[in-house]
Amino acid sequence: MAGAIIENMSTRKLCIVGGILLVFQVIAFLVGGLIAPSPTTAVPYTSVKCIDVRKNHHKTKWLMPWGPNHCKKLKDFDEAVSRQIEANDIVFAVHVPLPSKEMSPWFQFMLFIMQLDIAFKMDNDLKENAEITLDVSLAFRDNMFDDWQEIAHAIEIRKLKCTFGSPKTVESEGRHYDCDFLPFMEIGSVAHKYYLINIRLPVNDRKGINVGIGEIKDIRFVGIHQNGGFTKVWFAMKTFLTPSILIIMVWYWRRITLMTRAPVLLEKVIFALGISMTFINIPVEWFSIGFDWTWMLLFGDIRQGIFYAMLLSFWIIFCGEHMMDQNERNRLSGYWKQVGPIAVGSFCLFIFDMCERGVQLKNPFYSIWTTEVGTELAMAFIIVAGICLCLYFLFLCFMVFQVFRNISGKQSSLPAMSKARRLHYEGLIFRFKFLMLITLACAAMTVIFFIVSQVTEGHWKWGDITIQANSAFFTGIYGMWNLYVFALMFLYAPSHKNYGEDQSNGDLGVNSGEELQLTTTITHVDGPTEVYKLARKEAQE
């Protein structure tokens, strides 16, 4: 009778919680799909060829492509040849944004990729494995009448990867190569209204600088930044979710500290997972609206890395703590083989990120992929991280298999157990299957929505309603993992309800002080968790 009452209450509790979480999950997807615009915007730019015949070019003034103080322009390089203007006196100028527009801190970041228009000429052919040297400068101002202030200046080298689809004959002269896009610049904040890019292609025949790169006709760019409307929706979600997770964390830890025993490993890991989720949620991005914090992209990567490392560790420990006949448990050192690859992989990805975005804090034009050494180093870090991830999933799949095998064995012997032990194992089995189902659903939804966001046009139109698929992916998945952590702490918090003396004696076979709860343990007021004692006894038998 008591077991049926407790089982019905637990089932009803799970159904109510599951229904509420499902409603919030749907809302999270709808917020991104119906309210937020597309996450990013891509803007094409074409550089203007300016003439600068003075010495110490970049130290004197900046060349504007348009406006009242625009530079002297060249239509093409044929005009430069006819006017005897040298290549070193030509500056490619790009103003960001386009005329009559302004940049905004709500755009959060700027990413630029570059494409060269290179024409084929018999006497100036593009050499194999050619490299182009760029003398690049970046400046800003917040008023159309202010002087430009330099942000960064660098000499960068990019390797050209181009193909030519026609025979290299006189008849093919003037046709363009098909060149890959090149990484150009990334800035982690958009704190100013106007930006100016000046690019020179210095030529030095003696040193072989910019020799054999073909005839460059134009330099084109694609600038990508986050949409301000999406940023506001994203900040609002973070602001709402932060206190939600904080409240459940405080409630969860308070329930644990009220116990007379010390917290078990699984409870500590769930709490640590809540901390890592809160670390992601805290909307420090609000400060980026008023401060020029270029390190926000790197900080965001670090926060996500900590959360995912904690999530992967939780799955391993969750499975391990549910292996009911395992003697070595409730100790983090017992999982070093499984958690080790997570730590190594996370460290490799951290080093890779520091080599890329860490350097970009000083030089926004830097890219680790532009040199052979950098590419090999980056690939090495990514490969090691990939191997660690594969090892992790092998360990995880093996542990899940062991748990289900253990569960199958326990289910056949449940009728012969005492009621207390049977109820305990039935609770363990039910909760494990329930959480595994939620975990698989979350992982599947993450993968499915990621694929959908990549293969669709970015939005779906149903009649008069437009759904932004990419925005729905970001807000929905972000909300989903918050709900996942919320559900973990809610369902696995120790219960302090007592179901009467008749349930504490007699056929339940437990002490009068024993409490029944929706966790992986049975808690006693006078000692450690009973699950480990039962498991060890069962293993010895």
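The values are calculated or read from the model by the stated rules, or taken from the named source; none is laboratory data. Because the structure is predicted, anything quoted here is derived from the model rather than measured. Every residue, glycine among them, receives a Cβ derived from its backbone with ideal geometry; neighbour counts consider all protein chains shown. The accessibility values were calculated without ligands, DNA or RNA, using every heavy atom of the protein model including side chains. Shrake-Rupley method; radii C 1.70, N 1.55, O 1.52, S 1.80 Å.
Miscellaneous remarks
- Extension gain for residue 175 to residue 302 (0.36 nm times residue separation, less C-alpha to C-alpha distance): 41.2 nm.
- Placed amide H near residue 131: partners under 5 Å, 5+ positions off or other chain: 160
- Once all protein chains are placed together, residue 434 keeps about 60 Å² accessible to a 1.4 angstrom probe.
- Computed E for residue 38/residue 244 - FRET, C-beta separation, R0 25 angstrom, nearest 0.05: 0.40
- Over the stretch 41-226: Rg over Rh, Cα atoms, Kirkwood Rh: 0.97
- For the stretch 176-277, alpha-carbon Rg and Dmax in angstrom: 26.9, 80
- At the residue level, residue 41 shows approximately 40 square angstrom of accessible surface with a 1.4 angstrom probe and all protein chains present.
- Near-label residues of the stretch 231-250 by backbone N, under 19 Å of a point 7 Å along Cα→Cβ of residue 282: 235-250
- Relative packing of peptides 266-273, 369-376 - highest average C-beta neighbours within 10 Å first: 266-273, 369-376
- Surface share of carbon and sulfur [accessible, 1.4 angstrom probe, percent] for the stretch 41-226: 50 percent
- By accessible area with a 1.4 Å probe, ligands and nucleic acids excluded, highest first: order of 146, 125: 146, 125
- Ligands, DNA and RNA aside, residue 35 has an accessible area near 120 Å² when probed at 1.4 Å.
- Per-q log10 I(q)/I(0), the stretch 329-369, q = 0.17, 0.27, 0.30, 0.31 Å⁻¹ (Debye; single scatterer per alpha-carbon; no solvent): -0.56, -0.85, -0.93, -0.95
- FRET E, pair residue 258, residue 397, Förster distance 56 Å, beta-carbon r, rounded to 0.05: 0.90
- If you plug the beta carbon distance of residue 289 and residue 446 into 1/(1 + (r/R0)^6) with R0 = 30 Å, you get a FRET efficiency near 0.55.
- Long-range amide H partners of residue 118 with built H, under 5 Å: 177, 217
- For the stretch 152-221, the fraction of alpha-carbon pairs lying more than 15 Å apart is 68 percent, rounded to a whole number.
- For residue 64, distant residues with modelled amide H under 5 Å away: 71
- Using every pair of separate Cα atoms, the Kirkwood estimate puts the hydrodynamic radius of the stretch 214-353 at 18.3 angstrom.
- Distance between modelled label sites at residue 163 and residue 72, nm, 7 Å Cα→Cβ extension: 4.2 nm
- Applying Stokes-Einstein at 37 °C and 0.692 mPa s to the Kirkwood radius of the stretch 215-267, computed over alpha-carbon pairs, gives a translational diffusion coefficient of 207 µm² s⁻¹.
- Hz values of 3J(HN,Hα) by residue in the stretch 80-92 - Karplus curve (6.51, -1.76, 1.60), Gly and Pro given as x: 5, 5, 5, 9, 6, 9, 6, 4, 5, 9, 9, 10, 8
- Theoretical gain in end-to-end length, residue 79 to residue 404 [0.36 nm per residue, Cα-Cα removed]: 109.4 nm
- Based on protein heavy atoms only, the stretch 195-242 ends up with 37 Å² per residue of surface accessible to a 1.4 Å probe.
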